[in-house]
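Working notes for the structure below.
Read-outs: derived from the displayed coordinates by stated rules, not from any lab. Keep in mind the model is a prediction, meaning the values are calculated, not measured. We place every Cβ from the backbone using ideal geometry, glycine too, and count neighbours over all the protein chains shown.
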Amino acid sequence: MPNRLLSEAAFTLSKKDIVAISRSDVDLLSQDLFSKMLNLERKRSERSCRGFVLMLLETRSLLKSTDRSTLNAVLSALSSSIRETDIRGWYKADAVVGVIFTDVAVSTGVSVANALLAKVTTVLGKTLRIDQIREVRLSFHVFPELSDQNGPGATLDPLLYPEIISENKTRTISRVVKRSMDIAGSLSLLCVSSPLLIAISTLIKLTSPGPVLFRQERIGQGGRRFTFLKFRSMYHANDHAIHQQYVKELITGTATAQPTAKSTKTVYKLTNDPRITPLGKFLRRSSLDELPQLLNVLAGEMSLVGPRPPVPYEFDCYETWHRRRLLEVKPGITGMWQVEGRSTVKFDGMVRLDLQYARSWSPWLDLKILWRTPKAVVVGAGAY
């Protein structure tokens, strides 16, 4: 096993790991240790901005524990395509072998994967019989995932986040409770606020031309896109360039905190946006423009509590570690950011609050955030 694995990984090989490695002539990590190494490599990549390629080799029978000679032949063949710094092990015990090709430039990840496919296919073709080759299934997964022609956020590969999948399976009851709270809460609030919804709709129609609802494509959990609803607070058919430019500066850390009219505090948000109507300013300050998102919650696209969903051009500016805020939980109407700091914290601080929520969420935490939200709305700090 390369010294790099022993020196950089904060893990101690157990007897189970040693047994798993010794079952073949070529070093091979156990499923548990390989999963830990994949998690470690992903975290390192998120911070270093250097990518990696995960190769998975799967067959119906060649990798079974009863067929060690063939397994050794396959692994020996793979060794000629693997560097010392690459990591190999069981992605799924006795079923799928994984290889992490480390330290790959993000911009060349796809081309590296294509080159590896050609090389590994050639090597296996010289080692295995035709009937064995037909059983082999090779797949390559590039981290971080690059934007495609359909725009950013189209795919966030779950195979690169096995610990999230595992955790989701163990939190089934909590997720059922959270979804039940979303349905009951959104239905109740829609019924109670229906006179207010009608009044706001009428005022929007009377004060400025254009539709009542503002519809915008947003990116939700796992990169799934959905139509985000708000009461229209801006003039119809306006130019989004001013917001797009500020968002880019906000995410890169070059945005200047904006002064507020009613406080000595500064906020990281456009406070004098010429696109907003006079009624829209009131709707935003009171957060009443958010009420139509209860329909998004009812449809299962959002939750009452969770991170705010980004627009595609915002996601396009994300660093790799920022994307984690979209993986583990659905986006929400309110969340940790709204009750802890809102627009008074920098973007990285907002992301850290979202990640803190993603790691520790529970129905009880959701109730506490919902309980604190009305006070945050009344105070209106950071709302513009």
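Backbone geometry of region 203-218 corresponds, through the Karplus equation with coefficients 6.51, -1.76 and 1.60 at θ = phi - 60°, to 3J(HN,Hα) couplings of 5, 4, 5, 7, 9, 7, x, x, x, 6, 9, 9, 10, 8, 6, 10 Hz, x marking Gly and Pro.
When the listed pairs 36/368; 119/248; 43/178; 43/281; 178/205; 43/248 are checked against a 30 Å cut-off, the alpha-carbon distance exceeds it for 36/368; 119/248; 43/281; 178/205.
For the pair residue 319 and residue 205, label points projected 7 Å from Cα toward Cβ lie 4.8 nm apart. In region 165-379, one over the average inverse separation of all distinct C-alpha pairs is 18.1 Å, which is the Kirkwood hydrodynamic radius.
Taking a ≥ b ≥ c as the square roots of the eigenvalues of the Cα gyration tensor, region 279-384 is rounded, since a/c falls below 1.5. Multiplying the residue separation of residue 193 and residue 27 by 0.36 nm and subtracting their alpha-carbon distance yields 53.4 nm. Put a dot 7 Å past the Cα of residue 164, heading toward its Cβ, do the same for residue 295, and the two dots end up 2.8 nm apart. In this label model, residue 176 and residue 119 are separated by 4.9 nm, measuring between points 7 Å along each Cα→Cβ vector.
Residues whose amide H lies under 5 Å from that of residue 273, counting only those 5 or more places away or on a different chain, are absent; hydrogens are built 1.01 Å from N in the peptide plane.
Computed from the Cβ-Cβ distance with R0 of 45 Å, the FRET efficiency linking residue 286 to residue 135 stands at 0.10. Extension gain, residue 272 to residue 379: 0.36 nm times the residue separation minus the Cα-Cα distance gives 36.6 nm. Counting 0.36 nm for each residue step from residue 108 to residue 367 and taking away their Cα separation leaves a gain of 88.8 nm.
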